[in-house]
1. When the helices in chain B are scored as -39500 (n - 2.57) per DSSP H run of 4 or longer and the sum is shared across all residues, what 222 nm value do you end up with, to the nearest 500 deg cm²/dmol?
2. Could you please state, rounded to a whole Å, how far the C-alpha centre of the stretch B:134-204 is from the C-alpha centre of the stretch B:84-133?
3. What is the fewest-to-most order of A:1, B:97 by other Cβ atoms lying within 10 Å of their Cβ?
4. If the label point is 7 Å along Cα→Cβ of residue B:148, which residues in the stretch B:413-435 have backbone nitrogen under 13 Å from it?
5. Once fully extended, how much extra length lies between residue B:235 and residue B:377, figured as 0.36 nm per residue of separation less the alpha-carbon to alpha-carbon distance?
6. Output the antiparallel fraction of DSSP beta bridges having both residues in the protein assembly as shown, as a percent to the nearest 5.
7. Partner chain Cβ atoms within 10 Å, averaged over the residues of B:356-363 - can you pull that number for me?
8. Cα convex hull of the protein assembly as shown: mean projected area in nm², to one decimal?
């Protein structure tokens, strides 16, 4: 069962601030959800269910359906990419020149890598 | 001039009238704008009505006047869920995080609809980031059910379903990750389709759980749903999981020719699975539905989907896991809302703490938990195995039957606020809809009678991958029984 300390750690990993009041409510909710999810332990998936198949979805007689096939990464011609980038950058809360602006990365006691 | 009543309009009738000059595209948009102005304030189905809808309709009128041929959805006014991008328009996904976000490009479905002549009326309310079954998780207030304003419209595509049920659009788009098109369609008494996974491009859809998400149409007749689906489907270079018609398998022993013959269809009912979640009224309604299909000549038989009872539990591991990594992009740096903190790390936490509502935070933390070291095998790996087993069981079932029937929801629309305090009760709304998402199957919810209270029930039909055509056939037939 999830405890207060674990929740604080998870919230930190997920980069989410929680107030003390929210923490109590969340512990309760997450406990109830995990109780429900725990019934998975009783499930006994049979047949071809136990392997990961990320390249193709092959299900018995069904034909193979390609998934996760990536398109070619072609650079766009002319200034199209730059224009596109500019449009996307315009959605940023703070920018400086052609860059997203963020607070200092070094000297941050929590972050940095 | 008397104002025409378009409340019983279908797309076929609209196009037919447009072709013979009985009405103009701007007339229909004006009609809906007036209805929206009158009815929407009490429902909160639309978050925004587009100021250029009429201009777009007028352009269509000019186009037709100059002799251009009619396109597939010429002048059809469509409501669009708030998580589908329309260039130059806001798309907030029902969240404070994207409250002021303006789309820089069109979603593929939007580009296709536009090219087919559709007109976008506005964007509809939804549970934040499509997380919910009541539209109560919207940062912009709940949507009310047109059949009873004290009840929810369902979710997460509640705004689209309510807009249709109230006669505020001719068709609508929603998105379905675990039932978000079908469940609100059922609650509001309209039709909603969750296509085969990969049938419709997800490019430009704000993601919740990409391995389940599909955009789907809502409308008031099966023919209308089919017409929208035919326009939006197809392989898209911008969505690597979209499928071309060629590789979309339609597995079945049923050949195309006898697909036309409804009476040869065998319909399966996963009886043991249903017994778990249905209340009495729901069970009675469902048995009336199956009896009328049987009377019409369909063969109804019980089937077994032994792992289906675990579908919802598996879904509540895989979906939050995907959501937690997906929503990592909302960091207050590249786009969306920004709430400053003490330092960079605190910027992230403050932005996400303030920008995300409670349910979103709950699922992101749940997903982080399920993916964390030590829990991964117990949760994610197990859930994935269950998902695969369910897909296998459906495949086996479709060797016996042509389609599978369940109620769409265990019961009709519940009261506003009734389930907010208990997330698991809210999640159980998706008990019958989630299996189709896990297995990637197409599924449709169609209106199927009413409860004593007058609230609509929905009947869900599921088909093998690529079997949308079969769903439309049965749905059309059922509407005439």
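Just so it is clear, none of the values below were taken in a lab; they were calculated from the coordinates. Fair warning: this is a prediction, and the values are worked out from it, not measured in the lab. Cβ placement follows ideal geometry from the backbone for every residue including glycine, while neighbour counts extend to all protein chains displayed.
1. -11500 deg cm²/dmol
2. So the two Cα centres are separated by 14 Å.
3. Final ranking by Cβ density, sparse to dense: A:1, B:97.
4. B:413-418
5. Taking 0.36 nm per residue and subtracting the Cα distance, the gain is 47.7 nm.
6. Close to 70 percent.
7. 3
8. With every direction weighted equally, the projected area is 28.0 nm².
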